[in-house]
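Each remark here refers to the structure printed beneath this line.
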Amino acid sequence: MGVTQPFTIDPNDPPTFEKVWAALQALGERLDRSAREADRRREKIDRQIEETNRQMKETDRRVGELTNRFGDMVEYMVVPNLVSKFRALGFTFEQSAKDVAIRDEKHGIFTEIDVFLQNGDKVMVVEIKATPREKDIDEHIERMELLRKYADLRNDSRKYRGAIAGAVFADSIRNYALKHGFYVVVPSGDTFDIIEPEGNYHVKEW
């Protein structure tokens, strides 16, 4: 938009109605062109924002699908062999269950368990994630605390332990899980390994 020149009066050429009206029309046309140009720019920006949002939603959808497939693969690989793998660590679990839901409305206890292994004196609670994150470990800690509360309400004095299984485990996340006393289940060739907290890390019981 150009700079509008100030309106001045030439004493040798006094303004007439027609001249003033023509000047106002010219100014109006310039303002109208500027407004249309601004609208076009806004529409272009809006289209770019809309396209960016669409691409982000599509990326989120694809990542979600990929995560679900990874989760299914991990669950398919891990669940059938968990009992035998833990047996090598000295545990004999007599029962196993998948997708266990706890719904105690009376005490406000609600949680879900991917894999629940148990025997007469111990329980292993396994959380499965395609790519575990720090928040997943934090949420599993909360889950273990809820299960301890639920067990106490049912006079269940067994010791509860936790494990985190994942298809892709960053070293920092693996160490974070071990630091909080969880077993870590990681892929190894065509099978998987269970890493037990040791050294400065200790298995935690709830």
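The values are calculated or read from the model by the stated rules, or taken from the named source; none is laboratory data. Here the structure is a predicted model, which is why all the values come from computation and not from measurement. Here the Cβ is made from the backbone with ideal geometry for all residues, glycine too, and neighbour counts use every protein chain on show.
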ask   = Name the residues in the stretch 171-196 that are within 26 Å of the chain's Cα centre (by Cα), under 24 Å from PRO80 (Cα atoms) and not in a helix (DSSP H, G or I), would you?
value = GLY181, PHE182, TYR183, VAL184, VAL185, VAL186, PRO187, SER188, PHE192, ASP193, ILE194, ILE195
query = Out of all the residues in the stretch 158-206, which are of a type in the set (Val, Ile, Thr) and loosely packed, with under 13 Cβ neighbours inside 10 Å?
reply = THR191
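Could you list all residues from the stretch 136-157 that are loosely packed, with under 13 Cβ neighbours inside 10 Å and of a type in the set (D, E, K, R)?
Result: ASP138, GLU142, ASP152, ARG154.
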remark   = Scanning the stretch 94-112 for residues that are at pLDDT below 95 and buried (at least 16 other Cβ atoms within 10 Å of the Cβ) gives SER96
query = Listed residues PHE169, PHE182; which is at pLDDT below 95 and of a type outside the set (D, E, K, R)?
reply = PHE169
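Hey, any hits in the stretch 128-138 for a residue that's closer than 20 Å to ALA177 by Cβ, assigned to a strand (DSSP E or B), at pLDDT 95 or above and touching a Phe, Trp or Tyr at 6+ places or on another chain (Cβ under 9 Å)?
So far as the stretch 128-138 goes, no, none of its residues is closer than 20 Å to ALA177 by Cβ, assigned to a strand (DSSP E or B), at pLDDT 95 or above and touching a Phe, Trp or Tyr at 6+ places or on another chain (Cβ under 9 Å).
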remark   = Over the stretch 131-140, the set of residues farther than 27 Å from ASP121 by Cα and either out of contact with any helix residue (DSSP H, G or I) (no Cβ under 9 Å at 6 or more places or on another chain) or in contact (Cβ under 8 Å) with a residue 60 or more places away in the chain (or both) is THR131, LYS135
Tally of residues being surrounded by fewer than 18 Cβ atoms within 10 Å (Cβ to Cβ), in contact with a strand residue (DSSP E or B) (Cβ under 7 Å, 6 or more places away or on another chain) and not β-branched (Val, Ile, Thr) across the stretch 122-135 = 1
message = Looking at the stretch 185-201, I want the residues that are in contact (Cβ under 8 Å) with a residue 12 or more places away in the chain and within 16 Å of PRO132 (Cα to Cα) and have a partner that is of a type in the set (Asp, Glu) and surrounded by 10 or more Cβ atoms within 10 Å (Cβ to Cβ) with Cβ atoms under 9 Å, at least 6 apart or on another chain. Which pairs are those?
response = VAL185/ASP193; VAL186/ASP193; PRO187/ASP193
request  = State all residues of the stretch 104-150 that are of a type in the set (Lys, Arg) and under 24 Å from the mean Cα position of the chain (by Cα); if no residue qualifies, say none.
outcome  = LYS129, ARG133, LYS135, ARG143
note = The condition of being at pLDDT 80 or above, loosely packed, with under 10 Cβ neighbours inside 10 Å and part of a helix (DSSP H, G or I) holds, among SER34, SER84, only for SER84
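So for the stretch 141-162 (the condition being basic (Lys, Arg), in a strand (DSSP E or B), without any contact (Cβ under 8 Å) to a residue 24 or more places away in the chain and touching a Phe, Trp or Tyr at 6+ places or on another chain (Cβ under 8 Å)), does at least one residue qualify?
No, there is no match, as no residue in the stretch 141-162 is basic (Lys, Arg), in a strand (DSSP E or B), without any contact (Cβ under 8 Å) to a residue 24 or more places away in the chain and touching a Phe, Trp or Tyr at 6+ places or on another chain (Cβ under 8 Å).
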key: Condition check for GLY181: touching a Lys or Arg at 6+ places or on another chain (Cβ under 6 Å) and on the phi > 0 side of the Ramachandran plot   = yes
ask   = Residues of the stretch 157-166 being at pLDDT below 95 and either of a type in the set (A, V, I, L, M) or more than 19 Å from LYS135 (Cβ to Cβ) (or both), which ones?
value = ALA165
